[in-house]
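Chemist: Next up is a structure, given as structure tokens.
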Amino acid sequence: MADEREQAADDAMMTRIGQVVMLAHAGDREEARDRFLGLWSEIGEDGDPLHRCTLAHYMADTQDDPADELAWDLRALSAADGLTGERLAAHEGSLALRALYPSLHLNLAADYVKLGRPGAARGQLDRAWAVVDALGDDGYGDGVRAALRRLAQRVAALPDGADDETGPAGEAGRGPGRPGGDPLGPPRSGS
């Protein structure tokens, strides 16, 4: 009985996140951002990693500032690192844990391109290609691989300018998931 209640709560939060995703896809990014922030407050920085990963992944897409987009994509990656295959299996229709990483690294690479950091982008593309075999031979896997190829071509054309990629995942030595040392919550105002 307790397992059923936990599953219902899980499904309810995922449904709520999905509703905000639809709002964002319909073009109301500002309202989606506000609702995502409300859900983020409910979930909490130490909440369910699946909920945090999903919300942060989609919240990144609603950002106008590339630095904020990067911060949310780093939160998604950090939350994914806290997921277990067992936790994903408890959510109906979830991807295998390893299948999340190519997309998460792809998003980070795209963020670094927007921020003019081609070295960091290349590092994230390398990480994505290193785990791309986790993707299935389906529409999702094909889409991620195609996006990786497109971004790799774009990054290859960029100059090798000075880049501050010194950290373990290209975060300038600031620690995984903590751009600028900020906590893994919503970006502070003015950031």
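The values are calculated or read from the model by the stated rules, or taken from the named source; none is laboratory data. The structure presented is a predicted model; accordingly, all values stated were derived computationally and were not measured. Here Cβ is always computed from backbone atoms with ideal geometry, including for glycine, and neighbour counts include all displayed protein chains. Ligands, DNA and RNA are excluded from the accessible area calculation, which covers all protein heavy atoms including side chains. Shrake-Rupley method; radii C 1.70, N 1.55, O 1.52, S 1.80 Å.
Chemist: Please work out if Asp64 is closer than 18 Å to Leu108 by Cα, outside any helix (DSSP H, G or I) and either among the basic types (Lys, Arg) or out of contact with any Gly (no Cβ under 6 Å at 6 or more places or on another chain) (or both).
Modeler: Yes.
Chemist: If you don't mind, another one. On the basis of being surrounded by 24 or more Cβ atoms within 10 Å (Cβ to Cβ), at pLDDT 95 or above and touching a helix residue (DSSP H, G or I) at 6+ places or on another chain (Cβ under 8 Å), does Leu108 make the cut?
Modeler: Considered against the rule, which asks whether it is surrounded by 24 or more Cβ atoms within 10 Å (Cβ to Cβ), at pLDDT 95 or above and touching a helix residue (DSSP H, G or I) at 6+ places or on another chain (Cβ under 8 Å), Leu108 comes out as yes.
Chemist: Please state which one of Leu135, Leu115 is open to solvent by 10 Å² or more (accessible area, probe 1.4 Å) and closer than 14 Å to Asp73 by Cβ.
Modeler: Being open to solvent by 10 Å² or more (accessible area, probe 1.4 Å) and closer than 14 Å to Asp73 by Cβ holds for just one of Leu135, Leu115, which is Leu115.
Chemist: Could you pull out the residue among Ala109, Ala99 that is part of a helix (DSSP H, G or I) and within 27 Å of Ala67 (Cβ to Cβ)?
Modeler: Ala109
Chemist: Determine whether Glu4 is part of a helix (DSSP H, G or I), among the charged types (D, E, K, R), at pLDDT below 95 and open to solvent by 60 Å² or more (accessible area, probe 1.4 Å).
Modeler: yes
Chemist: Next question, about the same structure. Restrict the check to region 178-185 and report whether at least one residue is open to solvent by less than 60 Å² (accessible area, probe 1.4 Å), at pLDDT 50 or above, of a type outside the set (Phe, Trp, Tyr) and closer than 30 Å to Leu37 by Cβ.
Modeler: no
Chemist: Of all residues in region 112-159, how many are of a type in the set (Asp, Glu) and part of a helix (DSSP H, G or I)?
Modeler: 3
Chemist: Would you mind finding the one in Arg149, Arg87, Arg122 that is crowded, with 20+ Cβ neighbours inside 10 Å and at pLDDT 50 or above?
Modeler: One residue alone meets the criteria, Arg122.
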